[in-house]
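Have a look at the structure below, then the notes.
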Amino acid sequence: MTETTRVVMLDPDWFGDVSTERTHFEELLGDVAVRAVDCTESEIPVAVNEADILLSHYTGVSAESMDATGCSVITRYATGIDGIDIEAATERGIRITRVPAYCDDEVGTHIISLALALVRGLPQYDASTTNENWEWDIAAPVRPPDELMFGFLAFGNKAKAAAEKARALGFDVCAHDPYLDNDKIRSHNATPVDFEGLLSQADVLSVNTPLTEDTQEMLDADAFDYLDDEAILVNTSRGAIVDEDALVDALDNNRLRGAGLDVLSQEPPKPDHPLLGRDDVIVTPHAAWYSTRSESTLRRRGTEIAVDVYHGKEADGLVNPNAL
């Protein structure tokens, strides 16, 4: 451990401002140098040089980057840890942390907001009135929530938060989660279903599963064939879980009512991305996590967890406790 702890924040999500993190780290560590670096994963070894703690929002961290920087802690400022080589980190004794539960309610609210906007046909109404039309049936058929099934692909804390709000609006709720006991799902007033049952029953399908090798493009053309033609897809997890070409095809051929997407496979997308500018799609800029409260919590807890683990303590966000 060096006398001055070196902290480097990759791709800072607040316009390069690390003053809040610097204040937190100074309170917790004392002699610390905090700086921001905006670089791609492949550029980390040169752009970062040496660091004790790496903070990342979206940028992946490879084994090569770990070796080049000599870091001992990598903190993901998010709940998901895709893109970070956990196995390589564990082998090197590098602790990986994340920030759990800081935005569960925000994401739950965002899921419901996207779903309701599409259920009610708001994008179609907005596009129609912008074009000087005034037609109430432009978005027909609009069905009431108490006639619809809200389905969740994975049923973690964010999905549970959305499910509670969905039930309050009258939706029935079902969920598929192979890692969760069916009784646990039922305890949250949701019906457990298998994957095909989820697809065939969900009028609104919310994607909440983490991105893994098994879930990459899990929602492909075959999956969309199971969905009802009036079904709505909402994705606030990771863009690569959805085969975007298959999604475009399903929308173009009226095999889905619409899609609400907070995430895409490439972020930010190119201006000519086929899911942008459509009347049946809402795209938000990976913003489901955000509120003034969740931002403050993320920045405070991210530094606290990183420092605890850096000092060899247990922390609720430690991903690989078996790191040497």
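The numbers here are math on the coordinates, done by the rules we state, and not lab data. What you see is a predicted model; the values in this text were computed from it and never measured. Cβ sites come from the backbone with ideal geometry, for glycine too, and all protein chains shown count toward neighbours.
On the beta carbon distance between ASN322 and SER200, with R0 = 30 Å, the FRET formula returns roughly 0.15.
Here's the list of lysines a cross-link from LYS165 could span, going by alpha-carbon distance under 29 Å and ignoring same-chain residues fewer than 8 apart: LYS184. Kirkwood analysis of region 104-200, using all unique Cα-Cα pairs, places the hydrodynamic radius at 14.5 Å. Close amide H pairs (under 5 Å, H built 1.01 Å from N) link CYS174 with PHE150, GLY151, PHE152, THR191, residues at least 5 positions away or on another chain.
For ARG120, ARG257, which order do you get if you count the other beta carbons within 10 Å of each Cβ and list the fewest first?
Numbers: ARG120 15, ARG257 24.
In order of increasing Cβ crowding within 10 Å: ARG120, ARG257.
For the pair SER296 and ASN254, label points projected 7 Å from Cα toward Cβ lie 5.0 nm apart.
The mean sequence separation of alpha-carbon pairs under 8 Å and at least six residues apart, normalised by the residue count of region 104-283, gives a relative contact order of 21 percent. For the chain, dividing the convex hull volume of the Cα atoms by the residue count gives 143 Å³ per residue. Counting every alpha-carbon pair across region 104-283, the share separated by more than 25 Å comes to 28%. Summing charges over neighbours of ASP85, with a neighbour being any other residue whose Cβ is under 15 Å away from its Cβ, gives -3 when K and R count +1 and D and E count -1.
Summing +1 for each Lys or Arg and -1 for each Asp or Glu among the other residues whose beta-carbon sits under 14 angstrom from that of ALA168 gives -1.
For the chain, return all DSSP H helices satisfying: extent of Cα atoms along own axis at least 18 Å; mean Kyte-Doolittle hydropathy at least -0.5. Those that pass (Cα extent of 18 Å or more, hydropathy at least -0.5) are 104-119.
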